[in-house]
Amino acid sequence: MPTLLVIGGSGLLGSRLVEAARKDYRVIGTHQSSPPPIEGVEWLVLHKENFYAAGLAVERIAPDIIIDTAAFHDVDACEADRERAWRVNADATRSLAEAAHEQGSRYVFISTDFVFSGAKGSYAETDVPHPVNRYGASKLAGEWAVLHADERNQVIRPSVVFGWNPSRLNFATWVLTSLRDGKSIQIVRDWWGSPTWADALAQGILALARLPDGGIFHLAGPDRMSRYDFALQLADAFELDPEDTLIRPVSAARFIGKARAKAPRSKARRPRDSSLAIDKAAEHGVILIDYAESLYRMHKQQDLKDFKVPTRYKS
């Protein structure tokens, strides 16, 4: 049975990956504090930015495939702590990819739609990246390092990843818990992306990892949608805010302007439209379910009333 090492196996996407891969792989997942209660998985404490320890782990395990979901994800915090953003998302990624190459391991790097400027949307793999914030720039540097280390390696770019996560809020769970608790929220109406359910994304990543092809793949939900429209769909799917009074649209310019007025150095620019074209993955038979089916399945997974709001938020 081949061995799969999931860097960041306790996060939203990482935990879905280790769950989905258990039947076909010996799965080893890394975590920083406490592993999720998933049976049939070996767990390893690892901080990605500890280059020496990470390299030793790869050498000792010698996995067939490494899937790297770990990153400094907080977009605003990346702007404030640029050194850490680069160390985790670029330098640590390069070090791990080089260690993987030495062991003959294939490296699959989970990147982001934020490598693009957002000027046009529906980005294909052939479009030239132009990040507008430090998070996107550091992830792009990680992409280059991974592709340079071994031609078999893959870079996978998702967009607006969402799903249940007990340790950190994402856009969807923030919207849902806010509405559940009767809180009014402002949602940007002119930021677009491709909402991607983590559970479906994990299955798609594993399918792409089985292909012989290296290179870049866009893997996201098939729907281009604004954050505001996505919030409305979330409310509808979970039967929240029936009077349409809690979700208030706001322009990106006004939203960022207000945030910068309070904390000028803490808010990063966002790409206006970072939606992704997914034709390449589809040509290889990998297509993710749409937002409607994703929200239906997410609703069936867990009762929103029982979901405890975590203290952290993924930007």
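The values are calculated or read from the model by the stated rules, or taken from the named source; none is laboratory data. These numbers come from a predicted model, not from an experiment. All Cβ positions, even for glycine, are placed from backbone atoms using ideal geometry, and neighbour counts span all protein chains on display.
Just to be sure, is Thr30 touching a Leu at 6+ places or on another chain (Cβ under 6 Å), hydroxyl-bearing (Ser, Thr, Tyr) and at pLDDT 95 or above? So Thr30 fits the description; yes.
Just so you know, in the stretch 66-97 the residues that are of a type in the set (Ser, Thr, Tyr) and either crowded, with 22+ Cβ neighbours inside 10 Å or closer than 19 Å to Leu12 by Cβ (or both) include one that is nearest to the chain's Cα centre (by Cα), and it is Thr69. One residue is enough: does the stretch 157-164 have a residue meeting the conditions closer than 30 Å to Lys308 by Cβ and basic (Lys, Arg)? Looking for residues that are closer than 30 Å to Lys308 by Cβ and basic (Lys, Arg), one finds none in the stretch 157-164, hence no. Among the candidates Gly193, Gly215, Gly204, the residue that is surrounded by fewer than 19 Cβ atoms within 10 Å (Cβ to Cβ) and not hydrophobic (A, V, I, L, M, F, W, C) is uniquely Gly215.
Residues checked against (1) without any contact (Cβ under 8 Å) to a residue 60 or more places away in the chain; (2) of a type in the set (Phe, Trp, Tyr); (3) in contact with a Pro (Cβ under 6 Å, 6 or more places away or on another chain); (4) buried (at least 24 other Cβ atoms within 10 Å of the Cβ):
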| site | (1), (2), (3), (4) |
| --- | --- |
| Glu19 | no, no, no, no |
| Arg22 | yes, no, no, no |
| Glu42 | yes, no, no, no |
| Tyr52 | yes, yes, no, no |
| Asp64 | no, no, yes, no |
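Residues in the stretch 119-171 that are charged (D, E, K, R), surrounded by fewer than 22 Cβ atoms within 10 Å (Cβ to Cβ) and under 23 Å from Met225 (Cβ atoms): Lys120, Glu125, Asp127, Arg168.
Give the stretch 91-106 a look and list any residue that's closer than 26 Å to Ala198 by Cα and either in contact with a Lys or Arg (Cβ under 8 Å, 6 or more places away or on another chain) or among the polar types (S, T, N, Q) (or both), or say none. Answer for the stretch 91-106, where residues must be closer than 26 Å to Ala198 by Cα and either in contact with a Lys or Arg (Cβ under 8 Å, 6 or more places away or on another chain) or among the polar types (S, T, N, Q) (or both): Ala92, Thr93, Leu96, Ala100, Ser105, Arg106. Take the conditions (1) of a type in the set (A, V, I, L, M, F, W, C); (2) touching a helix residue (DSSP H, G or I) at 6+ places or on another chain (Cβ under 7 Å); (3) under 27 Å from Asp199 (Cβ atoms); (4) surrounded by 22 or more Cβ atoms within 10 Å (Cβ to Cβ); Phe116 misses just one of them, which is (2).
Note on the stretch 98-113: residues that are surrounded by fewer than 22 Cβ atoms within 10 Å (Cβ to Cβ) and of a type outside the set (Asp, Glu) total 5. Residue pairs whose Cβ atoms lie under 8 Å apart, separated by 6 or more positions or on different chains, with the first residue in the stretch 69-95 and closer than 20 Å to Leu147 by Cβ and in contact (Cβ under 8 Å) with a residue 60 or more places away in the chain and the second surrounded by 22 or more Cβ atoms within 10 Å (Cβ to Cβ) and acidic (Asp, Glu), do not occur. Candidates in the stretch 113-154 are the residues that are within 16 Å of the chain's Cα centre (by Cα) and of a type in the set (A, V, I, L, M, F, W, C); of these, the one that is farthest from Asn89 (Cα to Cα) is Phe116. Take the conditions (1) closer than 14 Å to Ser159 by Cα; (2) in contact with an Asp or Glu (Cβ under 6 Å, 6 or more places away or on another chain); Asp113 misses just one of them, which is (2).
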